[in-house]
Amino acid sequence: MNILYLHGLESSAVSPKVEYLRMIGNLVTAPTMDYKDPEQYQRICDIILTSYMEEPVDLIIGSSMGGYFAYHLGKQYDIPVLLLNPALHSRTYEPVISSTAEYDPLIFLGVGEHDGIIDYRETLNILDNNVGEAFFRGNYWKGDHGHKTPIDFFQKVFAHTEERLFKISL
């Protein structure tokens with residue numbers, strides 16, 4: 001699978017999650033993100049458009065602020081997304097998003113029940129009320145953790161996401 005992985009605001013593109021995805025055989029693009037750069041969103045759009053010529057992106061994974069970007073990129077390019085504690089609300093600032101959203105992509109969600117930064121209940125309300133059939137509760141997993149997604153929870157959520165995407169493609 002060709003995956004675009006977007007790390008969180010105070011995180012890094014070098015992570016156990018990216019290493020795991022590569023270890024199990026995925027092609028992973030994990031750019032270093034500067035969410036305060038007004039051109040960052042467009043640079044990620046350029047990565048997606050370039051990949052269409054070689055190997056299209058099959059899934060965008062985004063954590064926290066990366067989840068916010070992933071959500072908008074999925075809507076713009078109709079690519080399924082896996083959002084991990086996405087900053088769909090409660091952001092400390094508003095990054096520049098120049099989206100021409102037209103689609104309702106398939107959305108998978110992994111959240112931490114004890115996240116003190118992003119309240120998962122508000123995230124669920126936003127998705128339930130704003131994305132139509134693109135999100136349904138069967139694509140939602142809640143873990144017993146905070147804002148940082150532990151690798152074991154990520155592995156479980158990714159396995160479920162991969163399984164569901166495979167079934168859909170049949």
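The values are calculated or read from the model by the stated rules, or taken from the named source; none is laboratory data. All values reported here derive from a predicted model rather than from experimental measurement. FYI the Cβ positions are ideal-geometry reconstructions off the backbone, even for glycines, and counts take in every protein chain you see.
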Could you grab me the full set of residues in region 142-162 that are loosely packed, with under 15 Cβ neighbours inside 10 Å and among the hydrophobic types (A, V, I, L, M, F, W, C)? Ile151, Ala159
Single unsatisfied condition, Asn125 versus (1) farther than 20 Å from Lys75 by Cα; (2) part of a helix (DSSP H, G or I): (1)
Determine the pairs where a residue that is within 14 Å of Leu83 (Cα to Cα) and hydrophobic (A, V, I, L, M, F, W, C), located within region 151-168, has a partner that is assigned to a helix (DSSP H, G or I) and at pLDDT 95 or above with Cβ atoms under 6 Å apart, the partner being 6 or more residues away or on another chain. Phe154/Lys17
Tell me whether region 64-73 contains one or more residues that are small (Gly, Ala, Ser) and free of Cβ contacts under 8 Å to residues at least 12 places away in the same chain. no
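Can you give me the number of residues within region 143-170 that are small (Gly, Ala, Ser) and under 15 Å from Ile60 (Cα atoms)?
The number of residues fulfilling the criteria is 1.
Would you confirm whether any residue within region 90-107 is aliphatic (A, V, I, L, M) and closer than 22 Å to Pro16 by Cα? Break it down into steps so the answer makes sense when it comes.
Step one: list which residues in region 90-107 are aliphatic (A, V, I, L, M), which gives 96-97, 101, 106-107.
Right, trim to closer than 22 Å to Pro16 by Cα and you get none.
No, region 90-107 contains no residue that is aliphatic (A, V, I, L, M) and closer than 22 Å to Pro16 by Cα.
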Among the residues of region 41-55, write down those that are within 19 Å of Gly8 (Cβ to Cβ) and over 16 Å from the mean Cα position of the chain (by Cα). Arg43
Would you call Pro95 within 21 Å of Arg43 (Cβ to Cβ), over 12 Å from the mean Cα position of the chain (by Cα) and either of a type outside the set (Lys, Arg) or surrounded by 15 or more Cβ atoms within 10 Å (Cβ to Cβ) (or both)? yes
Looking only at region 98-114, count how many residues are under 17 Å from Lys142 (Cβ atoms) and either buried (at least 20 other Cβ atoms within 10 Å of the Cβ) or aromatic (Phe, Trp, Tyr) (or both). 6
Return yes when Ser51 is small (Gly, Ala, Ser) and over 21 Å from Lys148 (Cβ atoms) and no when it is not. yes
Restricting attention to region 27-48, does a residue exist that is under 19 Å from Thr149 (Cβ atoms), in contact (Cβ under 8 Å) with a residue 12 or more places away in the chain and surrounded by fewer than 12 Cβ atoms within 10 Å (Cβ to Cβ)? yes
List every residue pair whose Cβ atoms lie under 6 Å apart, where the two residues are 6 or more positions apart in sequence or sit on different chains, the first residue falls within region 130-145 and is over 19 Å from His89 (Cα atoms), and the second residue, located anywhere, is assigned to a loop (DSSP other than H, G, I, E, B) and at pLDDT 70 or above. Asp144/Glu113
For region 132-168, how many residues meet the condition of being under 15 Å from the mean Cα position of the chain (by Cα), at pLDDT below 90 and not in a helix (DSSP H, G or I)? 1
